[in-house]
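See below for the structure under consideration.
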Amino acid sequence: TQLGVAFVGMDQSAKARGCFERSLALSPRQPALWSNYGAVLLPSGDAEGALQAFHQALQLQPNLIPARRNACLALYSLGREAEVEALMPPSSDRCVLQSQALMERGDQEKATEAYREAIRLLDLRKDPGSQNSPKEFSKEGAHRALLAAKERLEGGGVPFFLLAGTLLGVVREG
C-alpha cells in the first residue's frame, strides 16, 4: 500500500495501479486499498473502474469520506450527476466536486458557477451537509483565495483538481 502511494507521488500511475492490484488480491476487505485504487484509476481515464472501486470501499466502510468524494467525482466524470445526491447531500463540498469535474470537461463557465455556489454555501450555519469542521469561515478570505486560484488556472500553472483541495485547506485554516 505504501509503495503504491509512493508511486502515485512520483507520477508513476501504472506502477501504483499494479501495487494496489496486488495488495487487493491479498487483502480484498481493506476499504483504503479500494479507495486508493480508485484514486489511481480516475485520473487515468477509467472513471467506471474507479467508481466500482470507490463503491467497493464504501460497502466495506460507508463513512470513508475520500471514497465518497471521489465516487462523486467519478459520477460527474461519467455524466451521471443525478446519482451524486445519493452519495452526498447538497453542500459546498459537493459544489466544489462538481466544479472540478466541469473544469476537467473544459466547461469553465459552469465550473465557475458551481464554485461560486460553493463559496455562497461556506457559511456553515446554512450548510448542514458540509463535511467541513465548524471552524470560522471568512467569505472574503475564500473570495481572495478563489481569485488567486483563478489567476493560477488562467496561467496554466496548477491542475484544478489539486487546487480545489488546497483552496479549501487555506480557507479552513486561515
Checklist entry - What distance in nm separates the simple spin-label points at residue 86 and residue 25, each placed 7 Å from Cα in the Cβ direction? => result 3.2
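Can you tell me the alpha carbon radius of gyration of segment 1-123 divided by the globular rule-of-thumb value 2.2 N^0.38 Å? Walk me through the numbers on the way to the answer.
Numbers: Rg = 14.9 Å, N = 123, 2.2 N^0.38 = 13.7 Å.
Normalised Cα radius of gyration, segment 1-123: 1.09.
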Checklist entry - Which distance in Å, rounded to a whole number, links the C-alpha centroids of segment 87-121 and segment 10-29? => result 30
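By accessible area of protein heavy atoms, probe 1.4 Å, what ranking do 11, 46, 93 get, highest first?
Values: 11 140, 46 50, 93 0 Å².
Ranking 11, 46, 93 by accessible area, largest first, yields 11, 46, 93.
The values are calculated or read from the model by the stated rules, or taken from the named source; none is laboratory data. Since the structure is predicted, the reported quantities are computational estimates derived from the model, not experimental observations. Neighbour counts run over all protein chains shown; Cβ positions are idealised from the backbone, glycine included. We work out accessible area using only protein heavy atoms, side chains counted, and drop any ligands, DNA or RNA first. Shrake-Rupley method; radii C 1.70, N 1.55, O 1.52, S 1.80 Å.
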